[in-house]
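Right, one structure below, let's go through it.
The values are calculated or read from the model by the stated rules, or taken from the named source; none is laboratory data. Bear in mind that the values here come from a model prediction, so they are computed numbers and not experimental data. When we count neighbours, we look across all protein chains shown, and the Cβ atoms used for this are built from the backbone with ideal geometry, even at glycine. Heavy atoms of the whole protein, side chains included, go into the accessibility calculation; ligands, DNA and RNA do not. Shrake-Rupley method; radii C 1.70, N 1.55, O 1.52, S 1.80 Å.
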Amino acid sequence: MSNIVVLGTQWGDEGKGKVVDVLTPYVDVVVRYQGGNNAGHTVVVGREKFVLQSIPSGILHPGRRCLIGCGVVVDPASLIQEMESLVQRGIVLDGNLFISKNAHLILPYHPALDRASEAKLGNRRIGTTGKGVGPAYVDKAGRVGIRMADLLDERLFREKLEYNVTQKNRLLRDIYDAPTFSVEEILIPYLRFAGWLAPYITDTALLLARWIDAGYSVLFEGAQGTMLDVDHGTYPYITSSSTTAGGASTGTGVPPTKIDGVFGVSKAYTTRVGGGPFPTELHGEAAELIRVRGNEYGAVTGRPRRCGWFDAVVGRYAVRLNGCEALALTKLDVLDQCDVIKVCTGYRYEGELLTEFPVEERIWAAAEPVYEELSGWQTSTAGARTLGDLPAKARQYLDRLSELVGVPFGLISTGAVRDDTILCEDSPLTGWFPALRSSLR
Ligand code: IMP
């Protein structure tokens with residue numbers, strides 16, 4: 001049985017939720033390993049749309065065990081709301097959902113600090129989701145974070161909270177001129193949350209080790225994308241977690257030797273929310289066309305996403321950093337009406353051609369994309385079930401992208417619903433999940 005990481009290769013919003021949903025029938029366990037409720041994984045099941053923020057998308061498949069790993073930061077109020085809304089829609093959580101004792105909590109002062117810090121940064125603001133994810137990871141790395149296990153120990157929780165509230169209030173009052181918090185106004189609701197969540201909180205690393213030993217297969221569900229990684233992304237315009245493949249190990253406690261493969265998810269074009277560099281960004285009507293056709297508005301914040309052409313430099317970078325052996329390409333249908341489609345193959349910087357993603361902010365901020373133009377197929381790809389069903393020019397587009405990023409496609413998505421999916425023969429995907437072969441039409 002294979003243990004596979006599924007992660008985004010761009011700036012998030014690649015359509016990972018749908019890809020995880022399509023692959024979940026072939027695995028036993030799905031685990032989130034980083035991020036928090038800044039993520040918004042949209043999955044369409046029949047006529048129903050689900051937006052999952054902290055719970056793995058696998059929860060929509062009955063009987064699949066879903067875990068929130070230690071690398072995730074959890075806002076209990078938001079998690080409980082998400083749990084309640086799933087239960088109301090008939091999803092069974094008991095026995096299927098497990099939360100790591102080591103996962104750090106997002107506390108009310110984290111979103112307050114997130115927003116206050118953004119306001120202070122002015123035109124260097126990150127454009128965060130405002131959920132407090134960055135400040136929660138600051139506390140984790142600063143060794144003052146409060147974890148799920150602490151929440152279950154009232155005395156310890158109070159002690160840690162008192163220390164933190166004193167420190168954060170100083171920051172909020174003296175640095176940011178923002179409202180402060182009392183211990184009681186956090187303690188009372190959080191102890192209620194503790195009662196609610198206690199049955200789900202456990203040693204998930206131990207569970208995973210036992211399940212893997214017993215032959216269960218695990219899907220590691222990434223959130224955000226490679227270019228938002230705290231180390232390898234477009235720092236400081238990033239999220240604060242390890243979105244790349246290594247995060248799957250540190251964020252769950254599953255050793256790298258037990259992980260068998262990495263499946264990257266790319267969109268047929270590129271989007272980004274928030275600030276920071278985006279070399280292939282389009283503006284005006286061209287961007288609006290993609291935004292409207294692709295419904296490119298944030299699942300969590302509703303913000304319009306910045307839109308642009310596929311960037312093969314970013315694609316190659318993500319394949320290299322994550323060790324992706326294959327990619328899923330989503331939202332191909334969004335390009336159906338384009339007469340010309342551009343693909344970025346390199347950047348020009350001070351007269352030099354760059355084919356590797358640069359590390360320096362000064363370079364990626366000024367890099368000019370070098371484009372190759374392909375002719376569009378200008379016909380609908382909806383309902384395609386095999387690669388052969390796609391127009392020849394769409395296949396040429398896929399072949400060229402695959403050549404540029406250096407790995408084959410395993411899955412192509414041409415619509416939001418589960419059925420609008422092409423599974424490619426002889427890709428690493430069918431090696432990881434042999435049962436997928438019987439689904440190939
Ligand atoms: P934070 O994760 O809320 O701190 O936001 C940091 C950056 O990551 C901002 O540019 C956000 O727009 C971006 N970001 C965070 N979560 C997502 C996501 O799920 N999709 C796309 N961008 C995200």
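Annotation: peptides 292-301, 354-363, 266-275, 415-424, ranked by per-residue average of other Cβ atoms within 10 Å with the highest first, follow the order 266-275, 415-424, 292-301, 354-363. With a 1.4 Å probe and every protein chain kept in, tell me what percent of the accessible surface of region 287-441 is carbon plus sulfur. Answer for region 287-441 is 49 percent, counting heavy atoms of protein chains only. Surface exposure of region 384-441, expressed per residue as accessible area with a 1.4 Å probe, stands at 44 Å².
Calculate I(q)/I(0) for region 56-163 by the Debye formula, one identical point scatterer on each C-alpha and no solvent, and give its log10 at q = 0.16, 0.19, 0.21 Å⁻¹ to two decimals. Relative scattering, expressed as log10 I(q)/I(0), comes to -0.82, -1.02, -1.12.
Once the chain from Ala119 to Glu285 is taken as fully extended at 0.36 nm per residue, the excess over their C-alpha distance is 56.8 nm. Ordered from highest to lowest accessible area with the whole protein assembly present and a 1.4 Å probe, Tyr347, Tyr371 read as Tyr371, Tyr347.
For the chain, the Kirkwood hydrodynamic radius from C-alpha pairs, put into Stokes-Einstein at 4 °C and a viscosity of 1.567 mPa s, yields a diffusion coefficient of 58 µm² per second.
Could you list the residues of region 277-307 with an amide nitrogen less than 20 Å from a label point located 7 Å from the Cα of Ile363 in the Cα-to-C-beta direction? Output list for this probe position: 277-281.
If the Kirkwood radius is taken over C-alpha pairs of region 104-199, then at 37 °C and 0.692 mPa s the Stokes-Einstein diffusion coefficient equals 237 µm²/s. Taking only the C-alpha atoms of region 221-359, the Rg (one decimal) and the largest Cα-Cα distance, Dmax (whole number), read 15.7, 48 Å.
Just the protein heavy atoms count here, and of the accessible area of region 104-199 at 1.4 Å, carbon and sulfur take up 52 percent.
What region 104-199 shows is 53 Å² of accessible area per residue, with the surface traced by a 1.4 Å probe over protein heavy atoms.
Can you bin region 187-230 into rounded, prolate or oblate? Criterion: square roots of the alpha carbon gyration tensor eigenvalues sorted a ≥ b ≥ c, rounded for a/c under 1.5, prolate for a/b above b/c, oblate for the rest. Since a/c reaches 1.5 but b/c is at least a/b, the shape of region 187-230 is classed as oblate.
The convex hull around the C-alpha trace of region 1-106, projected and averaged over every direction, spans 6.7 square nanometres. Residues whose amide H lies under 5 Å from that of Ile99, counting only those 5 or more places away or on a different chain, are Ile68, Ile201, Thr202; hydrogens are built 1.01 Å from N in the peptide plane.
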